[in-house]
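The values are calculated or read from the model by the stated rules, or taken from the named source; none is laboratory data. Being a predicted model, the structure only gives us computed values, none of them experimental. Because the Cβ atoms are built from the backbone with ideal geometry, glycine has one as well, and the counts that use them run over all protein chains shown. Each accessible area value is taken on the protein alone, full model and side chains, heavy atoms only, with ligands, DNA and RNA left out. Shrake-Rupley method; radii C 1.70, N 1.55, O 1.52, S 1.80 Å.
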Amino acid sequence: MENSNMLAMILAGGRGSRLYELTNKTAKPAVYFGGKYRIIDFPISNCANSNVNVVGVLTQYEPVQLNAYAGAGQRWGLDTRGSGVYVLPPSQKSDTDLGVYKGTADAIFQNIDFIDTFDPGYVLILSGDHIYKMDYDEMLEDHKRNNADLTVAVRPVPWEEAPRFGIMNCDMNNRILEFQEKPKEPKSNLASMGIYIFNWKLLREILIEDAANPESSHDFGNDIIPTLLGMGKNLSAFNFNGYWKDVGTIDSLWEANMDLINHNDELDLGDQEWKIYTSDIPSLPQYVSPTGKVEHCYINQGAVIRGFVKDSVLFNNVQIEEGAEVKDSVLMPGAIVRKGAKVDRAIIADKVVIGANAVVGSADSKNIELVSEDVKGDN
């Protein structure tokens with residue numbers, strides 16, 4: 001009989017080119033978020049909270065920092081017997097020419113031996129670059145209830161954004177009838193979230209067949225899902241109504257950070273029933289001097305504020321000097337804003353220094369400014 005346990009595989013090898021300099025030397029899932037977190041904290045914490053005890057993290061692009069971070073399973077309570085977070089970079093094998101992941105499906109195919117070690121009944125495939133909280137156990141129960149071969153998490157998106165996504169066309173019972181990969185003329189606005197639950201026995205067979213197909217792009221959206229539909233398999237949609245954001249661009253990363261300080265924070269990182277775990281930074285408490293003023297901000301430990309900060313997210317050890325103003329911005333670890341400088345609608349990368357009286361960003365700009373190098377001041 002097929003085991004009822006579920007193992008998770010997180011696709012975390014993306015370069016994240018639309019995040020520009022933030023991902024020059026690190027993979028997108030390792031990018032900072034929310035004052036103290038990294039993006040990868042969210043899917044791994046979701047696994048820990050959903051009783052998914054074995055998590056494989058598939059890395060590829062600039063993996064050093066992410067490998068070191070994700071390999072410490074104790075951050076998420078996944079370091080006990082029978083659990084673990086396993087970093088899985090592509091590896092050269094003696095009987096093949098494998099050495100890189102050629103696509104999302106190929107990444108799983110190259111780790112068949114790893115998955116077989118745990119003999120799961122189900123495999124959960126996740127993306128490493130989304131911000132959200134989800135109970136995967138509820139999705140698994142839905143998968144079992146529908147006797148599905150594959151369940152895809154979906155959510156409606158604005159019609160004008162639908163061409164950016166894989167679109168699911170379903171019947172009244174949420175059975176997937178058709179899949180459109182980034183269609184120019186979508187038939188629905190029900191978008192795939194890139195979260196899949198497969199019956200492992202079936203997926204294993206399909207991956208082996210796909211790997212032998214020279215015409216395949218070895219991708220779940222382009223190849224695996226259409227193959228299953230063509231076979232007449234039972235594909236089901238799981239409707240997710242909570243907060244979810246793909247933080248693949250500078251603007252979307254800024255927006256997700258700003259969502260944390262909105263009055264109607266849907267993500268709610270203070271929820272004790274569904275904690276997002278991360279590494280604890282050894283640092284002094286935050287300090288606001290008599291000249292400092294703070295309005296409506298997320299501020300992490302070690303921050304020293306002697307100027308004015310409003311509607312912003314400050315990571316650990318950020319410094320805002322006297323007379324400086326920061327509004328609607330995200331300041332990553334160790335960023336410094338010197339006296340008299342003004343920062344508005346910007347993301348300041350870690351350890352960047354904004355010089356005295358310099359001006360960065362603008363309240364009137366439609367786009368968010370990313371500052372990844374020091375900005376000289378007037379002295």
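What FRET efficiency comes out for K182 versus T227 if R0 is 25 angstrom and r is the Cβ-Cβ distance? Round to the nearest 0.05.
On the way: r = 18 Å, r/R0 = 0.71.
For K182 and T227, the calculated efficiency is 0.90.
Under 5 Å between amide hydrogens, which residues at least 5 positions from V375 or on another chain qualify, with H placed 1.01 Å from N in the peptide plane?
V353, I354, G355
Please report how many Lys pairs in segment 140-245 have alpha carbons closer than 27 angstrom, counting only residues at least 8 apart along the chain or sitting on separate chains.
10
Under a point spin-label approximation (7 Å from Cα along Cα-to-Cβ), what is the N51-E255 distance to one decimal in nm?
So the two model labels end up 3.6 nm from each other.
Restricting things to alpha carbons, tell me how big segment 305-379 is in terms of Rg and Dmax, in Å.
In order Rg, Dmax, the Cα atoms of segment 305-379 give 10.5, 30 Å.
What residues qualify as long-range amide H neighbours of V87, i.e. H under 5 Å apart, gap of 5 or more or another chain, H built at 1.01 Å from N?
Excluding prolines and chain starts, which carry no amide H, the hits are V57.
Non-local amide H neighbours of A358 (under 5 Å, H modeled in plane, Pro and chain starts lacking H): which ones?
The answer is A341, K342, D378.
Where a Cα-Cα gap under 18 Å defines reach, which lysines qualify for K376, not counting those fewer than 8 residues away within the same chain?
Straight-distance partners of K376: K339, K342, K351.
Taking the mean number of other Cβ atoms within 10 Å as a proxy for protection, how do you rank 45-56, 283-294, 163-174 from highest to lowest?
Result, highest mean first: 45-56, 163-174, 283-294.
Per residue, how much accessible area does segment 218-356 have with a 1.4 Å probe, in Å²?
On the way: 5880 Å² over 139 residues.
Value for segment 218-356: 42 Å² per residue.
What nm distance separates the two modelled labels at N357 and I112, each placed 7 Å from Cα along Cα→Cβ?
6.7 nm
Considering only the other residues whose Cβ falls under 11 Å of the Cβ of S312, what net charge follows from Lys and Arg at +1 and Asp and Glu at -1? Before the final figure, lay out each step's value.
Working: positive: K310, K327, R345; negative: E295, D311, E325, D328, D344.
Cβ neighbours under 11 Å give a net charge of -2.
Taking 0.36 nm per intervening residue step and subtracting the Cα-Cα distance, what contour gain separates D374 from E161 on full extension?
On the way: separation 213, 0.36 × 213 = 76.68 nm, distance 3.50 nm.
Gain on stretching D374 to E161: 73.2 nm.
Give me the distance in nm between label points sitting 7 Å out from Cα along the Cα-to-Cβ direction at D271 and K339, one decimal.
Placing both labels 7 Å along Cα→Cβ, they lie 4.5 nm apart.
Given a Förster radius of 51 Å and the C-beta distance between R175 and S283 as r, what FRET efficiency does 1/(1 + (r/R0)^6) yield to the nearest 0.05?
With R0 = 51 Å, the Cβ-Cβ based efficiency is 0.50.
Ignoring everything except DSSP H segments at least 4 long, calculate the 222 nm mean residue ellipticity for the chain; use -39,500 (n - 2.57) per segment, divide by total residues, nearest 500. Could you put the intermediate results ahead of the total?
Details: 8 runs with 67 residues, N = 379.
That calculation yields -5000 deg cm²/dmol at 222 nm.
Among rounded, prolate and oblate, which fits segment 145-238 when a ≥ b ≥ c are the square roots of the eigenvalues of its C-alpha gyration tensor, a/c under 1.5 means rounded, and a/b larger than b/c means prolate? Before the final figure, lay out each step's value.
On the way: a/c = 2.19, a/b = 1.33, b/c = 1.65.
The shape class here is oblate.
Considering only protein heavy atoms and a 1.4 Å probe, what is the carbon-and-sulfur percentage of the accessible area of the chain? Display every interim value, and only then the final one.
Details: 7860 of 17360 Å².
With neighbouring chains kept in place, the figure for the chain is 45 percent.
Based on the Kirkwood radius over alpha-carbon pairs, what value in µm²/s does the Stokes-Einstein equation return for the translational diffusion coefficient of the chain at 4 °C and 1.567 mPa s?
On the way: Rh = 22.0 Å.
This corresponds to a translational diffusion coefficient of 59 µm²/s.
Might you report the magnitude of the Cβ-based charge dipole of segment 188-322 about its Cα centre, with Lys and Arg at +1 and Asp and Glu at -1, to the nearest 20 debye?
Working: 8 positive and 20 negative charges, 48 e Å.
Approximately 240 debye in magnitude.
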